[in-house]
Amino acid sequence: MLAPVWENRSVSDLLNAPFLASDTASDLFSEPKPSPASLLLMGKGIDLASERGVECDGALPRTSPRDIVERARAARAALGERAFILGHHYQRDEVIALADVTGDSFKLAREAAARPEAEFILFCGVHFMAESADILTSDFQKVILPDLAAGCSMADMANIEQVEAAWDDLIAAGIAEDTIPVTYMNSTAAIKAFTGRHGGTVCTSSNAEVALRWAFDQVGGVEGRGKVLFLPDQHLGRNTAALRLGISLDECVVYNPYRPNGGLTPEELKNARMILWRGHCSVHGRFSLRNVEEIRAKIPGVTVISHPECKHEVIAASDMVGSTEYIIKALEAAEPGSDWAIGTELNLVRRLAQEHPDKNVHYLDSTVCFCSTMNRIDLPHLTWAMEQILAGEVPNQITVDEDDARWARSALDQMLALPGL
C-alpha cells in the first residue's frame with residue numbers, strides 16, 4: 001500500500017523541506033540536508049486507486065551545484081538574443097529562472113512564433129510542445145529540446161496508427177461523416193495533422209468549450225446529429241462536454257485502442273455524442289474525490305481549484321475549474337488569508353505558494369507527484385544545450401515532417417480562428 005507523504009499538509013510545509021528548496025542563491029549553492037521526511041515513498045509503491053501508469057518514479061530532483069548554475073548563466077549571457085528560452089509552468093524553479101517567457105504549452109508556442117529574430121528556440125517543456133513550436137516558427141529558427149527523453153505520457157497514449165484504425169471503425173459504423181476530430185494541444189504533430197486532414201481543430205484547456213461548440217456546429221450544432229472524436233485526454237473531453245455543453249455522461253463513450261472496435265458496439269458508437277480516446281494525464285489522474293473530501297474536512301471554507309484534466313468526480317466536487325493560466329490568475333485575485341487547495345502539478349503549486357505568502361496554499365493530493373517527464377529538462381541539460389550551440393553545434397533539434405507540419409498547421413490555424421484566442 002502506498003503510504004501518504006505529508007498527508008493534508010500545506011505547501012508551506014513542503015517549502016520548508018530541504019529537498020524542496022527553491023533556487024534562490026543560498027539554496028542553489030548549499031548542499032541538500034538530510035531530512036526524515038525526505039521522499040518517504042516517491043517511487044516506492046503504486047497508488048492502486050489511481051489510473052494505470054500514474055505512480056511517481058524516482059526521487060525529487062535536487063537543485064544543481066554552484067558550477068552548473070554559473071555555467072548556465074555564462075552560456076545564457078553569451079547567447080544573448082540569438083536564443084529564446086521558453087519555460088513551461090511545470091518546470092523546476094532553476095530552469096524557470098533562466099526562461100525568457102513562462103506559460104502553458106499553447107502560450108509558449110505562440111511566444112516562439114512571435115520571436116522571428118531568435119535563431120534558437122530552447123523549449124523547456126516536453127516533446128509535443130517543441131513540435132508545435134517548430135510548426136509555428138520559420139525555417140530559419142531551430143527548436144531545441146534539451147533532453148529528448150522529455151516526452152508526455154498522455155500524448156504517447158495516442159499514436160497515429162491507432163487513430164487511423166479508430167477512424168476506420170467510425171467509417172465502418174457509418175458515422176465518420178458526422179464526426180469532427182478535436183485534439184488537445186497535448187498530442188503529437190502526427191495527431192494534429194490527422195485532425196487537420198479530417199477538418200478538425202486543436203484545443204487548449206482554456207478554449208475546449210469553444211472548440212467543441214465549433215466542432216458540433218459543423219454537423220448540426222450541439223443539439224444536432226454531430227459527434228466529436230476527442231483526442232487524447234478523455235477527462236478534458238468528458239468534463240467540458242458534461243459541465244459546459246450539457247451533454248450527458250451516457251452520451252460519452254471511451255474508445256480503447258487496445259480492444260477490437262475500441263471495445264464499443266456499432267450501436268454505442270452511433271448513440272454517442274462524444275467519442276473519447278482512452279488517454280489521461282499521469283499527474284492529474286492521481287487526484288481523487290477522497291482528496292477533495294479530506295481537505296474540506298481539515299480546512300472548512302477552503303476553495304478547491306482543479307485542472308480540467310482531473311477525473312470527472314474531482315471536477316464535479318471542485319469549486320473552480322480551469323487551465324494552468326486560469327489557476328494562476330485565480331490566485332493572483334484571491335483575498336489575503338484565503339485557503340486554497342490546488343489540483344495540478346506540484347512544481348506550479350509550490351511556485352504559487354512562494355509568490356503568494358499572504359494566502360494559504362495547499363496541494364490537493366495526499367502524496368507528492370511531479371511531472372516526471374517534464375522534470376527531465378533540468379539545469380544540466382539546458383546548460384549542455386546552450387554550450388553546444390556556442391560550440392557551433394545544434395543539439396536535439398526538433399523537426400516535423402513537412403506534410404504533417406502543413407496539416408497540423410491547418411488544425412492550429414483553425415484553433416487560432418476561434419473566438420477568444
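Using Cβ contacts closer than 10 Å as the measure, can you line up 362, 307 from fewest to most?
Arranged by neighbour count, lowest to highest, 362, 307 become 362, 307.
What does the charge add up to near residue 219, with Lys and Arg as +1, Asp and Glu as -1, over the other residues with Cβ less than 11 Å from its Cβ?
Residues close to residue 219 contribute a combined charge of 0.
Please rank 66, 110, fewest neighbouring Cβ atoms within 10 Å first, as an exposure proxy. It would help to have the intermediate numbers written out before the result.
Values: 66 12, 110 17.
Ordered from fewest to most neighbouring Cβ atoms within 10 Å, 66, 110 come out as 66, 110.
Which links in 107/270; 107/227; 107/142; 107/329 stretch past 25 Å when you go from one Cα to the other?
Beyond 25 Å between Cα atoms: 107/270; 107/227.
What distance in nm separates the two pseudo spin-label positions at residue 270 and residue 78, each 7 Å out from Cα along the beta-carbon direction?
It is 6.7 nm.
Once label points are set 7 Å from the Cα along Cα→Cβ at both residue 329 and residue 176, what is their separation, rounded to one decimal in nm?
The modelled label-to-label distance comes out at 3.9 nm.
Determine the distance separating the Cα centre of region 116-186 from the Cα centre of region 271-293; give it in Å without decimals.
Region 116-186 and region 271-293 have Cα centres separated by 21 Å.
Set the Förster radius R0 to 60 Å, insert the Cβ-Cβ distance between residue 149 and residue 222 as r into 1/(1 + (r/R0)^6), and round the FRET efficiency to 0.05.
0.90
So, with +1 on the Cβ of K and R and -1 on the Cβ of D and E, and no other charges, what is the size of the charge dipole of region 202-357 about its Cα centre, to the nearest 20 debye? Intermediate results must be reported in sequence, preceding the final value.
Values: 17 positive and 19 negative charges, 84 e Å.
My answer is approximately 400 debye.
How do the peptides 74-80, 141-147, 378-384 rank, highest first, by the average count of neighbouring beta carbon atoms within 10 Å per residue? Could you put the intermediate results ahead of the total?
Values: 74-80: 14.4, 141-147: 23.3, 378-384: 21.7.
Averaged packing, sorted descending, gives the order 141-147, 378-384, 74-80.
What does the charge dipole of region 57-171 about its Cα centre add up to, to the nearest 20 debye, if the Cβ of each Lys and Arg holds +1 and the Cβ of each Asp and Glu holds -1?
Charge dipole, region 57-171, about its Cα centre: 760 debye, nearest 20.
Can you grab the distance from the C-alpha centre of region 199-230 to the C-alpha centre of region 231-248, Å, no decimals?
Measuring centre to centre over Cα atoms gives 11 Å.
Just to confirm a number: summing +1 for Lys and Arg and -1 for Asp and Glu over residues other than residue 129 whose beta-carbon lies under 11 angstrom from that of residue 129, what do you get?
-2
If amide hydrogens are placed 1.01 Å from N in the peptide plane, which non-local residues have theirs closer than 5 Å to the one on residue 341?
303, 304, 305, 362
Go through 268-274, 237-243 and give me the packing order, highest mean Cβ count within 10 Å leading.
Packing proxy ranking, top to bottom: 237-243, 268-274.
Fewest Cβ neighbours within 10 Å first, please rank 124, 152 accordingly.
Fewest-to-most Cβ neighbours within 10 Å comes out as 152, 124.
Can you tell me the order of 83-91, 295-303 when each peptide is scored by its average per-residue count of other Cβ atoms within 10 angstrom, highest first?
Per-residue mean Cβ counts within 10 Å order the peptides as 83-91, 295-303.
Among 327, 370, 343, which residue has its Cα positioned farthest towards the positive end of the charge dipole of region 302-370, with +1 placed on the Cβ of Lys and Arg, -1 on the Cβ of Asp and Glu, and the dipole taken about the Cα centre?
Positive-end residue among those listed: 370.
So what J values fall out for region 239-251 if you push phi through Karplus, 6.51 cos²θ - 1.76 cosθ + 1.60 with θ = phi - 60°, rounded to Hz, Gly and Pro as x?
4, 5, 5, 6, 8, 10, 10, x, 7, 6, 4, 5, 8
Using the crude model of +1 on Lys and Arg Cβ and -1 on Asp and Glu Cβ, and no other charge, please compute the dipole size for region 119-213 relative to its Cα centre, in debye to 20.
On the way: 4 positive and 13 negative charges, 54 e Å.
So the dipole magnitude of region 119-213 works out to roughly 260 debye.
Would you pull out the residues with amide H under 5 Å of residue 255's amide H, same chain only if 5 or more places away, H placed 1.01 Å from N?
276, 277, 278
All of the numbers you see were taken from the coordinates with simple rules; none came from a lab. For clarity, every value in this text was computed on a predicted model and none was experimentally measured. Glycine also receives a Cβ, built like all others from the backbone with ideal geometry; neighbour counts cover every protein chain displayed.
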